[in-house]
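*Asks:* Structure in structure tokens, see below.
A short reminder: the numbers here are calculations on the coordinates, not readings from a lab. The shown structure was predicted, so the numbers you read here are calculated from the model rather than taken from an experiment. Note that we place each Cβ from the backbone using ideal geometry, even for glycine, and neighbour counts take in every protein chain shown.
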Amino acid sequence: MKQDPQAKGAFLAHPVDVQTFHLFPLPNYGSGMNPFYTVLAIWVGCLLLVSVLSTDPSSFSEANERERYAGRLLTFWTLNALQAMVVTAGAAFILPNIFVREPGWFMTFGLLCGFVFMTVVFSLVSLFGNVGKAMAIVLLVLQIAGAGGTYPVELIPPFFQQLNPWLPFTYAIDVMREAVGGIVWENVEHDVKRLLSFAVAALLAGLLLKAPLTPWMRVLKEKAAQSGLFH
């Protein structure tokens, strides 16, 4: 009876005082999903470019296959950079209620993602033609499911967990999230290195395999045209 029952009841009800600190707070769900959909839009932009424009020059000059590959890739890089700027600027400055903590870096990272994606998609289509377009679409589907853009990697099926480190989307989404919520430069450095490794691998494949594969792909294209496969 000498103890305060109200004080003792309050202690028993809340024996531990929990304080929550938000390190990288976001105001809404849409802001959290912004990196995934921005990266997705950039990849789709790459697919649209290779569908609308030819990856091979219309007129053949004295340049060899590697030079034609590199020159055409520069054109696609330029167009995709414009696409990436429109997408990232719209997400950072135009869309209402979408929070981006570092808009400048958000656009910069978007340009980097576009550079990497365009190199991968262009190399696939330049080397394998219509088969390369199909490969780029399949890769897009795998990345939507396995890159951890909508669900944490720990919650997706084991197959996609094993595939996750080998997908460009994995590091593109992560680096875009840094600009949206708050930048940790160690994470940015890791993601940028991994992204550039995909671009370097695709670029080397294009430069080294373009000349050997071109005669084979021309024969396959002629046979497909004769059979009406792509008509």
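*Asks:* Helix by helix, which DSSP H runs in the chain go 30 Å or more along their axis at the Cα atoms and have an average Kyte-Doolittle hydropathy of 0.5 or more?
*Replies:* Details: long enough: 29-52 (34 Å, 1.39); 65-89 (36 Å, 0.13); 103-128 (37 Å, 1.86); 185-227 (54 Å, 0.27).
Helices meeting the span and hydropathy rule in the chain are 29-52, 103-128.
*Asks:* Using only alpha carbon pairs under 8 Å that are at least six residues apart, calculate the relative contact order of the chain and give it in whole percent.
*Replies:* 25 percent
*Asks:* Further question: Rank-order 74-80, 12-18 by packing density, defined as the average count of other C-beta atoms within 10 Å over each peptide's residues, highest first.
*Replies:* By packing density, highest mean first, the sequence is 74-80, 12-18.
*Asks:* Convex hull over the alpha-carbon atoms of the range 29-227: what's its volume per residue in Å³?
*Replies:* With only Cα atoms used, the range 29-227 gives 133 Å³ per residue.
*Asks:* Subtract the Cα-Cα distance of MET33 and TYR151 from 0.36 nm times their separation in residues, and report this length gain in nm to one decimal.
*Replies:* 41.4 nm
*Asks:* So, R0 is 41 Å and r is the distance between the beta-carbons of THR108 and ALA7; what FRET efficiency does that work out to, to 0.05?
*Replies:* Values: r = 56 Å, r/R0 = 1.36.
The pair THR108/ALA7 has a calculated efficiency of 0.15.
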